[in-house]
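Take a look at the structure below.
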Amino acid sequence: MAAEIHSRPQSSRPVLLSKIEGHQDAVTAALLIPKEDGVITTSEDRTLRVWLKRDSGQYWPSIYHTMASPCSTMAYHHDSRRIFVGQDNGAIMVGHLSSQRTWTLPSLPAAHQNRVSAIIFSPATEWVISTGHDKCVSWMCTQSGSPLGRHSCASWASCLQYPLPAATERMIPTYFI
């Protein structure tokens, strides 16, 4: 009787390629920067950091910005290089990541009464749509900074989904409770 041995891969689990350390509290969001070897992170330690991979293979913070309140959520639009950061105090900060790795920070008026739980940016309408622990979904214009609408929910929502290429005359966000 003969037996044939088939080699199997050593592991079917994912392999850790890099580890980024440096935040002093829980990381609330981490997003890859498309077409660059970089990561944007926000944390409850009130910081936003842009990490770029150096020649040594290590990620180092190229931008380190401290916010007024802990960061609770984040969205990034690569084409416009804008970062939207929701905070525990209900504010949404809008930053522009320049090609020189600097950070400018215009802000929007307070969108919520407490913690922002999700943010979506629609480039077609220039709207920021957000939800928070105040049980509301709100949307505002990023160009004028003015609030455009608000919808009250039965309880707070933890995430949002918005069809980005949709027509601008109807906005029907889907929220999950």
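The values are calculated or read from the model by the stated rules, or taken from the named source; none is laboratory data. Quantities reported herein were computed from a predicted structural model and do not represent experimental measurements. Counting neighbours? That spans all protein chains shown, and the Cβs are built from the backbone with ideal geometry, glycine included. Note: areas computed on protein heavy atoms with side chains; ligands, DNA, RNA excluded. Shrake-Rupley method; radii C 1.70, N 1.55, O 1.52, S 1.80 Å.
Is it the case, given these coordinates, that Ala118 is of a type in the set (A, V, I, L, M, F, W, C), at negative phi and touching a strand residue (DSSP E or B) at 6+ places or on another chain (Cβ under 6 Å)? Write out each step before concluding.
On the way: of a type in the set (A, V, I, L, M, F, W, C): yes; at negative phi: yes; touching a strand residue (DSSP E or B) at 6+ places or on another chain (Cβ under 6 Å): yes.
It is true that Ala118 is of a type in the set (A, V, I, L, M, F, W, C), at negative phi and touching a strand residue (DSSP E or B) at 6+ places or on another chain (Cβ under 6 Å).
From the residues in region 134-177 that are among the aromatic types (Phe, Trp, Tyr) and modelled with pLDDT of 55 or more, which one is farthest from Arg82 (Cα to Cα)?
Within region 134-177, the subset among the aromatic types (Phe, Trp, Tyr) is 139, 156, 162, 175-176.
With the extra rule that they be modelled with pLDDT of 55 or more, the set shrinks to 139, 156, 162.
Details: Trp139: 17, Trp156: 26, Tyr162: 18 Å.
Looking at the filtered set, the residue picked out is Trp156.
In region 126-141, which residues are open to solvent by 30 Å² or more (accessible area, probe 1.4 Å) and either hydroxyl-bearing (Ser, Thr, Tyr) or part of a strand (DSSP E or B) (or both)?
Trp127, Trp139
How many residues does region 30-67 contain that are farther than 26 Å from Asn89 by Cα and among the β-branched types (Val, Ile, Thr)?
1
Select from region 29-64 the residues that are open to solvent by less than 40 Å² (accessible area, probe 1.4 Å), in a strand (DSSP E or B) and in contact with an Asp or Glu (Cβ under 8 Å, 6 or more places away or on another chain) and list them in ascending order.
Listed by number, the residues that qualify are Ser43, Leu52.
Sort out which residues of region 75-86 are closer than 14 Å to His96 by Cβ and buried (at least 18 other Cβ atoms within 10 Å of the Cβ), and write them in order of number. Break it down into steps so the answer makes sense when it comes.
In the first step, residues of region 75-86 are kept if they are closer than 14 Å to His96 by Cβ; the result is 75-85.
Ala75, Tyr76, Arg82, Ile83, Phe84, Val85 - these are the residues of region 75-86 that are closer than 14 Å to His96 by Cβ and buried (at least 18 other Cβ atoms within 10 Å of the Cβ).
Restricting to region 93-112, what's the tally of residues that are in contact with a Gly (Cβ under 9 Å, 6 or more places away or on another chain), among the polar types (S, T, N, Q) and either at pLDDT 80 or above or loosely packed, with under 13 Cβ neighbours inside 10 Å (or both)?
Number satisfying all stated conditions: 1.
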